[in-house]
Each structure stands twice: as structure tokens, then as C-alpha cells.
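The values are calculated or read from the model by the stated rules, or taken from the named source; none is laboratory data. All of these numbers come straight from a predicted model, not from anything done at the bench. Cβ placement follows ideal geometry from the backbone for every residue including glycine, while neighbour counts extend to all protein chains displayed.
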Amino acid sequence: MLERGILNPAINSLLSRVRHTNTLVIADRGFPYWPMIETVDISLVDGIPRVLDVLAAIRLNGSFGAAFMAEEFRTANETGVQEAFMAGLKGIALTLEPHFEFKKRVPRAIGLIRTADVTPYANVILESA
């Protein structure tokens, strides 16, 4: 029985299939459904869990060299929220791009983890190192 680390078997399965330069999406509550991508929905109630919670857990289990977010994240969120995300992504090269460009990356992802985060544009695409 797993006692530490990520306990969710579906997330463990996704992570075990991520290889060099593969991507994984961690999405907020409102992110659209993509039928062609395996989606693990771990939303419980508004705000639980958050994208940052999932990001922190996943970073303990993998190596990521790049991350992508919508540039609208900066204009839609206060400084404290932005700083929390930058801290969560510390050491990973972050690219901010228009939301419509960000969404073009989604179909190539290994999978998508949907959270219950209500932070505007809190979606992150992680690229393995």
C-alpha cells in the first residue's frame, strides 16, 4: 500500500508515462474538457485542491524543465497570487503566451489533471526535462 507521495493511482499512472519533453496539464476548475486527452478530475469543492497543491506534489515526483501559462494570468491576478505561482515554479523556465496559443499546446499533452482552483488563468503546462 502506498503511504507517501502521490496516492492517487490515476495521477501516478500519468506521471509514469511522462518521458523527456512530454507535457502534462494542471488545470483550474473552468478549463474545458478535451475528449482526446486522458483527464484525471480531482476537484472536490471550490478551491480544493488548487493548482499549486498539485504542482507541489508533482514536482516531488518528476523533473520539469519548462512551464507554460497564459499571459492573461498576470493581468487577471494580484501580485500575491502571481508570486505564489512563481515560487511554485521556481527553477523551471516559464513562458507566458496568449491564452489561445497556450491552448494549442494542450492536445499534445500526456494527460490533464483538473483541480478545483478558481484562480483566473491558473492553468499550467509542465514539460519534462
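Applying the set (1) touching a Ser or Thr at 6+ places or on another chain (Cβ under 7 Å); (2) over 17 Å from residue 18 (Cα atoms) to residue 108 leaves exactly one unmet item: (2). Among the residues of region 36-57, which ones are farther than 21 Å from residue 103 by Cα and out of contact with any Lys or Arg (no Cβ under 8 Å at 6 or more places or on another chain)? If the condition is that a residue be farther than 21 Å from residue 103 by Cα and out of contact with any Lys or Arg (no Cβ under 8 Å at 6 or more places or on another chain), then 44, 45, 47, 48, 49, 53, 56, 57 are the ones that fit. Contact map, region 6-33: residues that are farther than 21 Å from residue 49 by Cα paired with residues that are in a loop (DSSP other than H, G, I, E, B) and at pLDDT 95 or above, Cβ distance under 8 Å, separation 6+ or inter-chain. Pairs shown: 17/110; 18/110; 22/109; 22/110. Scanning region 85-129 for residues that are in a strand (DSSP E or B), in contact with a Lys or Arg (Cβ under 9 Å, 6 or more places away or on another chain) and surrounded by fewer than 18 Cβ atoms within 10 Å (Cβ to Cβ) turns up 96, 97, 128.
Residues of region 35-82 that are touching a residue at least 24 places away in the same chain (Cβ under 8 Å), of a type outside the set (S, T, N, Q), over 20 Å from residue 118 (Cβ atoms) and part of a loop (DSSP other than H, G, I, E, B): 36, 37, 38, 60, 62. If you go through region 104-123 and keep only what is more than 19 Å from residue 43 (Cβ to Cβ) and either of a type in the set (Gly, Ala, Ser) or touching a residue at least 24 places away in the same chain (Cβ under 8 Å) (or both), you end up with 105, 107, 108, 110. Considering region 7-26, the residues that are more than 23 Å from residue 68 (Cα to Cα) and part of a loop (DSSP other than H, G, I, E, B) include one that is farthest from the chain's Cα centre (by Cα), namely 7.
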